[in-house]
């Protein structure tokens, strides 16, 4: 009754889709693969000697599965919620919903709950897996309930934030970027406030209630808090309260934000639009015939696509706020380094894997790569949803102009996500924190990964006709790649000296990543190069992980450059040379 017919329709049609069952089965299978890998990393081919070892393994397994599931929820909940509303705006169907007799709360809660339905189904599917883990010992039913409750409350709060941003902003990239940066900044702000209010335990405890990872740590180790279960209840209540506030704001401002003034363009404003502000079809029109207007005209570059991406407001008028948010995130990273410099001894590693300086650099870099990927994939999906892609394709714009224009525009618009980390690394190199040789490898590697992230976004936009599927596949591939790297490093550190004995279990884990990457890259137009890239990239990434833990440098850079460079070219060359095939407008002659 609260969500109305939108959610009712979603809950009726979702079980009819094959992907609903494939996703549930695949998620549970992935958890079992992770359980097998963790078991092999812990015991190898030896049998457990006593019940205590099995119970300790059950506790370790519960920790890994809980943290991984919370990370998945925190990433996909705002992505699904924001993407569903953004697609309605791109296709200009949101105004039709506003013209119906739907109440504001029905529209907001309907979209929110419909987008979170896949997340909720996967959480329920994971409950039997956690129940099986509890049979090993080391955890209780209350801990399992607490873990699922925290994941559910976090999904609702993160999805509410994504829905608010999607109804507020017009452009898809702005929606995704603000949603992602908002989550990261919230976590950073909570940690910063806790550090500032360390002398006031009551205030610090109240601020910590909005940090889901701290709540999950309490579930994993309930004896660490004197309140026990009550602390978990407080975290869940705080997250649900935050979700309620965000949804209340969205319902109250829905008719104020929508429809936006962009939907009320009149005939008198058309010449200004054609002068290069936001209309995608303006570029070929300007190239074909000059427009008579009292407005001063601007010279268009030889490549009109990159001119539009860089010189116009194609992605909205508030892009500066996204850059400011990333700058604030960099400030949090600097404050973190200052804090750990005063409290952590030299040589200490976070989770036994990486130094504090490396942790700050990696965090900023991962967020930046996700923004680059989101910018590129939305630059194509927005054209398709706005029905301007076909107009661009019937002009004399070549495939090279289109592809390199989109890539160049995406990298230019997100250049701050590369500049700020590079400036930080340069400062560390000048101060002697990192050797200059490693500095060169870091710079070259970051530029290469930026190109890979941009090309992956464009490849997903070309491969998937549905915008939500393209965005979810592109960002999901990047996220799972980062998550897989983290899990491999964590399990290798856990295996320690018995790594060689447990190598087959890691290969099973890496093979699963290869299959997932192959399904993503070869969705529409498979090729031998993409198949080879999907098979080799996870294996060589695993080699780079082991080399990093062994303090290797040149070998890692060479392997990463060759593997990711080849994958980038495997996606780029077909997009340029077989552009119509990549778009699905024609097929190759198999004869």
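Below is a table of values for the structure above.
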| read-out | value |
| --- | --- |
| Among (1) closer than 24 Å to residue 183 by Cα; (2) modelled with pLDDT under 85, the one test that residue 302 misses | (1) |
| Residue within the range 7-29 that is buried (at least 21 other Cβ atoms within 10 Å of the Cβ), under 28 Å from the mean Cα position of the chain (by Cα) and closer than 24 Å to residue 132 by Cβ present | no |
| Residue 471 being in contact with a helix residue (DSSP H, G or I) (Cβ under 6 Å, 6 or more places away or on another chain), outside any helix (DSSP H, G or I), assigned by TED's automatic domain parsing to the domain that holds residue 572 and touching a residue at least 40 places away in the same chain (Cβ under 8 Å) | no |
| Scan of the range 517-533 for residues that are touching a residue at least 24 places away in the same chain (Cβ under 8 Å) and either crowded, with 19+ Cβ neighbours inside 10 Å or not assigned by TED's automatic domain parsing to the domain that holds residue 565 (or both), ordered by number | 517, 520, 521, 525, 530, 533 |
| Test for residue 123: is it farther than 19 Å from residue 238 by Cα and without any contact (Cβ under 8 Å) to a residue 12 or more places away in the chain | no |
| Residue check, residue 184 without any contact (Cβ under 8 Å) to a residue 60 or more places away in the chain, in a helix (DSSP H, G or I) and buried (at least 16 other Cβ atoms within 10 Å of the Cβ) | no |
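For every residue, the table says whether it meets (1) modelled with pLDDT of 85 or more; (2) surrounded by 24 or more Cβ atoms within 10 Å (Cβ to Cβ); (3) in contact with a strand residue (DSSP E or B) (Cβ under 7 Å, 6 or more places away or on another chain).
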residue: 52; (1), (2), (3): no, no, no
residue: 60; (1), (2), (3): yes, no, no
residue: 66; (1), (2), (3): yes, yes, no
residue: 73; (1), (2), (3): yes, yes, no
residue: 78; (1), (2), (3): yes, yes, no
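The values are calculated or read from the model by the stated rules, or taken from the named source; none is laboratory data. Just so it is clear, the structure is predicted and the values come from calculations on it, not from any experiment. Cβ atoms come from the backbone with ideal geometry, glycine included; neighbour counts cover every protein chain shown.
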